[in-house]
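S.K.: Starting off with a structure, shown below.
The values are calculated or read from the model by the stated rules, or taken from the named source; none is laboratory data. These numbers were taken from a predicted model, which means no experiment stands behind them. Cβ placement follows ideal geometry from the backbone for every residue including glycine, while neighbour counts extend to all protein chains displayed. The accessibility values were calculated without ligands, DNA or RNA, using every heavy atom of the protein model including side chains. Shrake-Rupley method; radii C 1.70, N 1.55, O 1.52, S 1.80 Å.
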Amino acid sequence: MPDVSFTNLLVVAAVAVLAPLAVGFAPRLRIPAVVLEIVGGIIIGPSGFGWVRADLPVQILALFGLAFLLFLAGLEIDVHQLRGRLLRFAVLGYLATLVLGYGAGASFAAAGWTSEPLLLAITLSATSLGLVVPVLKDAGQVHGEVGQTALAAASIADFAAIVLLSLFFSASGGSTGARVVVLGAFAGLVAVTGVVVSGAARSMRLGQVLVRLQDTTAEIRVRFAVLLLVAFTVLAERFGLESILGAFLAGAIVGLVDRDSSSHPNFRTKLDAIGYGFLVPVFFVSSGIRLNLTGLLHSPSGLARVPVFLLALLAVRGLPALLGLRANGTRPTLALGLLQATSLPFIVTATQIGVALGKLSSVTAAALVCAGLLSVLIFPLIALGLLRRGKPGSAPVPAATQPAPEPNLT
């Protein structure tokens with residue numbers, strides 16, 4: 001047996017259980033479990049009581065948890081909905097986000113908070129699709145005009161942010177031009193794989209075998225999904241790109257191919273169980289463990305960055321929603337802007353990459369994550385109130401849970 005200890009992982013698993021339980025016993029707080037997982041990690045980590053450190057078992061499972069989180073995010077991308085006006089609005093909105101984000105990043109660079117304005121722009125440009133979907137469902141708007149607009153905008157933002165992060169800030173190094181060529185080659189390989197998988201999915205003989213094995217101990221569909229996830233993650237690394245891009249695209253391909261679930265209704269539930277029941281919470285708790293909250297609290301200038309980053313997040317992602325003001329109306333547009341500005345999983349991911357590359361200080365990274373935590377706590381609640389007031393009748397009490405089948409990023 002390898003000389004490793006699972007004691008730290010035991011405490012991490014305990015926090016992963018206690019976080020949703022706390023939400024379940026106090027549903028009126030409407031706090032997503034992911035927030036409590038990160039806070040729990042802070043409490044047990046070096047910035048808190050110092051009970052736990054991110055040792056090898058925790059690091060490995062957290063890394064795979066991040067990959068699975070992006071896989072599940074890609075799984076929820078509905079390519080067939082991204083067309084026409086929705087697609088134009090989402091693309092124009094994201095382009096506006098990049099312009100605003102780079103302006104904010106340049107201001108922060110001038111203040112000495114970062115050496116890379118583009119990294120800040122990309123970090124602020126994503127939307128947490130996994131936290132937006134439950135809010136829209138609670139308001140009964142997920143299939144309405146506002147809901148579809150929000151989903152399209154979040155899908156484009158998540159995908160584009162991951163691509164840009166992988167393109168400009170990959171840990172593998174190399175010039176941006178070379179990575180553009182590599183990214184094109186990788187995209188071609190992904191497209192070919194998608195065609196092959198789609199063709200295999202239409203094979204009647206293979207379909208019969210899958211149906212026979214899918215609910216046995218073989219769990220063959222789940223194994224195929226995990227194989228594709230690991231394969232794309234490895235390929236992205238081999239191509240010199242960030243592994244999160246491979247994980248995201250693997251989920252997108254599975255979602256594209258698996259449109260008719262009538263013969264396997266439990267498939268996605270099983271994937272959610274693996275991700276949100278085991279791996280993803282380890283990633284969020286370990287993120288809290290590694291968060292340099294002590295340095296942030298002991299730095300008045302660092303602490304002051306939290307509200308500034310929160311306002312920047314609201315401006316960078318929220319203001320582009322005004323492009324749809326005439327079509328959606330005032331109240332839905334305000335709600336849409338707040339939902340677009342809700343971001344946490346990607347901020348956690350991007351800041352960890354930024355710190356590893358030396359582009360962000362640990363204090364700035366902690367301030368960004370804290371701003372993301374506040375966005376998750378504040379923006380969806382206000383948006384939900386706006387959407388409910390704009391709709392007659394009562395709405396169900398929101399279930400503040402772990403990112404729902406995303407998402408279900410982050």
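S.K.: Can you give me the distance in nm between label points at HIS80 and THR269, each placed 7 Å from the Cα along the Cα-to-Cβ direction?
M.R.: 2.2
S.K.: Separate question: Among LEU72, VAL282, GLY50, which residue has its Cα positioned farthest towards the positive end of the charge dipole of the chain, with +1 placed on the Cβ of Lys and Arg, -1 on the Cβ of Asp and Glu, and the dipole taken about the Cα centre?
M.R.: The one lying farthest along the dipole's positive direction is LEU72.
S.K.: Separate question: Identify the residues of the stretch 210-232 with backbone N under 18 Å of a label point that sits 7 angstrom from the Cα of VAL196 along the Cα-to-Cβ direction, or state none.
M.R.: Inside the label zone: 223-232.
S.K.: If you don't mind, there's one more thing I want to ask. Magnitude of the Cβ-charge dipole of the chain, K/R +1 and D/E -1, about the Cα centre, nearest 20 debye?
M.R.: Value, rounded to 20: 840 debye.
S.K.: For every other residue with a beta carbon closer than 14 angstrom to the beta carbon of VAL355, add +1 if it is Lys or Arg and -1 if Asp or Glu, then tell me the sum.
M.R.: +1
S.K.: With all protein chains present, how much of the accessible area of the stretch 191-342 (probe radius 1.4 Å) comes from carbon and sulfur, to the nearest whole percent?
M.R.: Solvent-exposed carbon and sulfur of the stretch 191-342 make up 66 percent of the total.
S.K.: Can you show me the helix-derived [θ] at 222 nm for the chain, built from DSSP H runs with n ≥ 4 at -39,500 (n - 2.57) apiece and divided by the number of residues, rounded to the nearest 500.
M.R.: -22500 deg cm²/dmol
S.K.: Putting +1 on Lys and Arg Cβ atoms and -1 on Asp and Glu Cβ atoms, find which of GLN141, GLY199, ILE378 reaches farthest to the positive end of the dipole of the chain.
M.R.: GLN141
S.K.: Modelled label-to-label distance, ASP215 and GLN59, 7 Å Cα→beta-carbon offset: nm?
M.R.: In this crude label model, ASP215 to GLN59 measures out at 4.3 nm.
S.K.: Modelling each spin label as a point 7 Å along the Cα-to-Cβ direction, I'd like the ALA178/THR294 distance in nm, to one decimal.
M.R.: About 3.9 nm, to one decimal.
S.K.: While we're here: Would you tally the net charge around ILE244, using a Cβ to Cβ cut-off of less than 11 Å, leaving ILE244 out, and scoring K and R as +1, D and E as -1?
M.R.: Neighbour charge sum, excluding ILE244 itself: -3.
S.K.: While we're looking at this one, here's another question. Under a point-charge model restricted to the Cβ atoms of Lys and Arg (+1) and Asp and Glu (-1), what is the dipole moment magnitude of the stretch 252-371 relative to its Cα centre, in debye to the nearest 20?
M.R.: 240
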